[in-house]
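Following: one structure in structure tokens, then a few remarks.
The values are calculated or read from the model by the stated rules, or taken from the named source; none is laboratory data. All values derive from a computational prediction rather than experimental measurement. All Cβ positions, even for glycine, are placed from backbone atoms using ideal geometry, and neighbour counts span all protein chains on display.
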Amino acid sequence: MLRVVNGFEVKAPSSTDLKLKNNSVLDLYFELFVSEVEYLLHRGLVKKYRKTEGNLTTLKGQLLFTQQISKNVIHKERFYTRYTTYDPEHLLHIILYQTILVLKKINTNAAISGRINALMP
């Protein structure tokens, strides 16, 4: 994990940062990760375009005729379309969310657990 993150700065914490508790190096990395995710959420998540395909009741985007004929023979009021959506749901945010779920399971530090629970939707 550390090999992949080349520009990751780890500063030696002072005794006030440690809050005079027994912390492991892993807890320190959890703390740094949670702090960065909180910072990203505070600034706002990046939105990107993603392609979506499906059966809709409204016509938007590109109508896909072959799927329209095969799936909507009975339901004439539906349209099988491909369209783009501009939202914050993309791969990087999914990876961050999955990592937070893993941290929630393996974390033993109570202070970090409260912050992780606050990040959950």
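Tabulated results
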{"read-out": "Which numbered condition HIS93 misses (of (1) in contact with a Phe, Trp or Tyr (Cβ under 6 Å, 6 or more places away or on another chain); (2) under 20 Å from GLU36 (Cβ atoms))", "value": "(1)"}
{"read-out": "Total residues in region 74-119, condition farther than 23 Å from SER24 by Cβ and touching a helix residue (DSSP H, G or I) at 6+ places or on another chain (Cβ under 7 Å)", "value": "2"}
{"read-out": "Where LYS76 falls short, out of the listed (1) surrounded by 12 or more Cβ atoms within 10 Å (Cβ to Cβ); (2) basic (Lys, Arg); (3) at pLDDT below 90", "value": "(1)"}
{"read-out": "Breaking point among (1) surrounded by 14 or more Cβ atoms within 10 Å (Cβ to Cβ); (2) at pLDDT 90 or above; (3) under 28 Å from the mean Cα position of the chain (by Cα); (4) of a type outside the set (S, T, N, Q), for VAL102", "value": "(1)"}
{"read-out": "Which numbered condition VAL102 misses (of (1) among the hydrophobic types (A, V, I, L, M, F, W, C); (2) in contact with a Lys or Arg (Cβ under 6 Å, 6 or more places away or on another chain); (3) free of Cβ contacts under 8 Å to residues at least 40 places away in the same chain)", "value": "(2)"}
{"read-out": "Any hit, region 44-53, residues being under 30 Å from VAL25 (Cα atoms), acidic (Asp, Glu) and modelled with pLDDT of 90 or more", "value": "no"}
{"read-out": "Test: SER113 is in a helix (DSSP H, G or I) and farther than 24 Å from LEU45 by Cα", "value": "no"}
